[in-house]
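K.L.:
For reference, the structure I am asking about is given below.
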Amino acid sequence: MIDLVEALRNHREKIVNRWVEYTLSTYKSSSFFLKERDAFANPVGGNTRQALERLFPLLAENADSGEFTAPLEQIMRIRSVQEFTASQAVAPIHAVKHITREVLAADKQTCGLTNDLYDFEFAVDLAVLAAFDIYMQCRERLYQVRIKEIKSGAHILTDSRCPTALLKDIGKEGSEKVESH
Amino acid sequence: MAVPKLEQLSKSVVQGPSLATGAIPTRDWMDIPVVFKEGNYAYPAKKDKVEYLNSQKGLHFPNARVWSPEDDDWKLPENWKEIILSGLKERLEKFRSLKIFMDCCVRCGACADKCHFFLGTGDPKNMPVLRAELLRSVYRNDFTLAGKIMGKMAGAREMTVGVLKEWFMYSYQCTECRRCSVFCPYGIDTAEVTMMLRELLHLVGIGINWILEPASNSNRTGNHMGLQPHTFKDNVDFLADDVENLTGIKINHTFNRKGAEVLFITPSADVFAEPGLYTAMGYLLMFEAIGLDYTWSTYASEGGNFGLFTNNETMKKLNAKMYAEAKRLGVKYIIGGECGHMWRVLHQYMDTMNGPADFLEVPVSPITGTVFNNAASTKMIHISEFTADLIKHGKLKLDKSRNSHVKATYHDSCNPARAMGLMDEPRFILDHVVDWVEMPENTIREQTFCCGSGTGLNTDEIMELRMRSGLPRANAVKYVQEKKGVNMLSCVCAIDRATLTSLMNYWNPDVRVCGVSELVGNALVIDGETRGDLEDGLRTML
């Protein structure tokens, strides 16, 4: 009888593939995102696959949850600016619980191990919580980027009225000329 | 094998109006309406701007009104459909290319996955073939026999308000970057389809403010910012002062000087907004270093041309000031600064629209004697061509170590790369001024990915959309950042300098953005300089 660690290792490819498939099925054109393996021609598919491939062994090995951050950022930074609600953005992280349980149950050799998944599923819970944090950080960063751009002076492109008043605002110090907006 | 809990998970999160439906669409694309919500559309043009433009000679922007994409009623003129269809008819007769593009697509799909909007959103209507189909379906319905007889079976559909709304959504989710055209076996220029969609929409008073206000400013004062001559002059003077403070080199620039050999025109963002300012400082330094006999113009104070994003009449009118000013000042030829779409207009349309410029001479570098025969017709050369030629002839003294704080990569701005073939000159310059590396092959040169915010989409209310569409570019930058230690994204486009800055701030916060001429300015060694150790080049705060 194999133990859970070995079972997860053996089924890793199958689980991750189904996890990637599920995650990419949240896009309208999922077939292209799944098919194209060049990460530069297909950044959503490429980053999703890479992130989940990195994340799965960390979950399986009960790694420190701090280690989840890098792979989670890779996927959440993308999903945070796409047309998802917060729950839609995060949900695929959760999905690995169900996929793993199903894959183990379908194999005679591993079906008895589904009762031992508590620690693994707890790790997934932690990853989901971390994903929410990262989602929020990304949203906040997005708004910061927007504020920074407005402050950079580009808004004057459309909001300016009187260029002479603008000149007054520019100030006498050369180095202050843009920051002052 | 279905996982019951997983299905439940999908169901629980797919509610609410979202494009991400969590499933393969079961309806035909024609039957899926567009949904406008805050963040997925750019704000409509202000009524007074549209009225102003419509009042100007040679321009046609009728049906000005207050409207909102989120409202059901867009307050279209009563005969809107007639206006659209006769507008389409007129354009099919006027532009042979449009007629061909409407007829010859075989829907092979080569373009489908090449669009950065599609790659970032996964929305099928952002596949260039389908975006064009939005117009083609109406064309088939009203202008082809097959469509008239077979209707939907032949891919035809009637022009409705829903179709119009779809046009607005997707013609403003295209940056006319033309990457798709590179892959089209028939050479269909999908950007021109977008241009036609936007032209038709303007006929019924549908346009966005971020484009029409700069266009109206340009018509009024010559530049996007609406800067009057004294303000424009003062800004350039400020930059010259900064250069002098940093390097000890006094800049002897002039404005509107008759009899100068060269007229220099650049995007106004270069003299106004960060980080373009540093690029402009680079221009000033280099022209000073070689003693070029040139002048700035406070009238032709804008290289950019937002007319390109509205209609051909506006593009022509805004472009006309370049030749008009060159003629008035009596210069021999024009040098253009680092700009993207400006070069598309100059290279592809200017000669036809406002030429021939027979009062100008074929550009000859006064320093090297090189004749720029490539510009024999337009009489206007790109600053990178000019600079690369100087370097090639050993006319610039450059110290690469002055850019040792920079590890650069180079973003081919869509228009210079794909619309004028300017790919090697900036690279040649970079070789001589900075340590730099290329991004992956399928993201550079003619395959370059757009910044995601071109064609007037660089407005902050659609920041999310811009981040999505800029993902393919940012993804390639991230790669060279992680693998090669890149900390600077250089480019030759003013819109890029602004938009890539925001893009990097979201995706790769440790990468800054600069113009190639800024790096030249950093590296230039000039007789008489008193430049100390500028640890951040021309950006160093003293």
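K.L.:
Could you check how many residues of the stretch B:99-146 are aliphatic (A, V, I, L, M), surrounded by 21 or more Cβ atoms within 10 Å (Cβ to Cβ) and more than 18 Å from B:GLU158 (Cα to Cα)?
P.N.:
Going through the stretch B:99-146 one residue at a time, the tally reaches 3.
K.L.:
Quick test of your reading of the structure: B:GLY515 fulfils all but one of (1) within 14 Å of chain A (Cβ to nearest Cβ); (2) under 30 Å from A:TYR143 (Cα atoms); (3) touching a Lys or Arg at 6+ places or on another chain (Cβ under 9 Å). Name the failing condition by number.
P.N.:
In the conditions (1) within 14 Å of chain A (Cβ to nearest Cβ); (2) under 30 Å from A:TYR143 (Cα atoms); (3) touching a Lys or Arg at 6+ places or on another chain (Cβ under 9 Å), B:GLY515 misses (1) alone.
K.L.:
Keeping to the stretch B:341-398, report how many residues are at positive phi and basic (Lys, Arg).
P.N.:
Looking only at that region, the number is 1.
K.L.:
What about A:PHE68, is it at pLDDT 95 or above and not in a helix (DSSP H, G or I)?
P.N.:
Judged against the criteria, A:PHE68 is not a match.
K.L.:
Right, here's the next one. Filter the stretch B:224-246 for residues that are within 7 Å of chain A (Cβ to nearest Cβ) and assigned to a helix (DSSP H, G or I); which is farthest from the chain's Cα centre (by Cα)?
P.N.:
The qualifying residue farthest from the chain's Cα centre (by Cα) is B:ASP241.
K.L.:
Does B:SER86 qualify as being out of contact with any helix residue (DSSP H, G or I) (no Cβ under 8 Å at 6 or more places or on another chain), in a helix (DSSP H, G or I) and surrounded by fewer than 22 Cβ atoms within 10 Å (Cβ to Cβ)?
P.N.:
yes
K.L.:
Let me ask something additional. Assess whether B:THR443 counts as being more than 11 Å from chain A (Cβ to nearest Cβ) and buried (at least 18 other Cβ atoms within 10 Å of the Cβ).
P.N.:
For B:THR443, the condition - more than 11 Å from chain A (Cβ to nearest Cβ) and buried (at least 18 other Cβ atoms within 10 Å of the Cβ) - is not met.
K.L.:
Sticking with this one: Could you list, ordered by first residue, the pairs with Cβ atoms under 6 Å in which the first is in the stretch B:29-54 and crowded, with 16+ Cβ neighbours inside 10 Å and the second is of a type in the set (S, T, N, Q) and not in a helix (DSSP H, G or I), at least 6 apart or interchain?
P.N.:
Between residues of the stretch B:29-54 that are crowded, with 16+ Cβ neighbours inside 10 Å and residues that are of a type in the set (S, T, N, Q) and not in a helix (DSSP H, G or I), the close pairs are B:ALA42/B:THR459.
K.L.:
Continuing with this model, one more query. So in the stretch A:73-124, with the set limited to residues that are over 17 Å from A:VAL16 (Cβ atoms), assigned to a helix (DSSP H, G or I) and free of Cβ contacts under 8 Å to residues at least 40 places away in the same chain, which one is farthest from the chain's Cα centre (by Cα)?
P.N.:
A:CYS111
K.L.:
A further question follows. Within the stretch B:419-443, can you find the residues that are assigned to a helix (DSSP H, G or I), touching a strand residue (DSSP E or B) at 6+ places or on another chain (Cβ under 8 Å) and closer than 16 Å to B:ILE391 by Cα?
P.N.:
Once the filter is applied, which keeps residues that are assigned to a helix (DSSP H, G or I), touching a strand residue (DSSP E or B) at 6+ places or on another chain (Cβ under 8 Å) and closer than 16 Å to B:ILE391 by Cα, the stretch B:419-443 yields B:GLU425, B:PRO426, B:ARG427, B:LEU430, B:HIS432, B:VAL433.
K.L.:
Kindly indicate whether B:ALA498 is within 9 Å of another protein chain (Cβ to nearest Cβ), within 20 Å of B:GLU441 (Cβ to Cβ) and assigned to a helix (DSSP H, G or I).
P.N.:
No; evaluated as a whole, the condition is false for this residue.
K.L.:
At least 1 residues that are hydroxyl-bearing (Ser, Thr, Tyr) in each: list the helices (runs of 4 or more DSSP H) lying fully within the stretch B:304-402 that qualify.
P.N.:
Passing ranges, in order: B:312-329, B:351-354, B:383-392.
The values are calculated or read from the model by the stated rules, or taken from the named source; none is laboratory data. Being a predicted model, the structure only gives us computed values, none of them experimental. Heads up, the Cβs are rebuilt from the backbone with ideal geometry, glycines too, and the neighbour counts pull from every protein chain shown.
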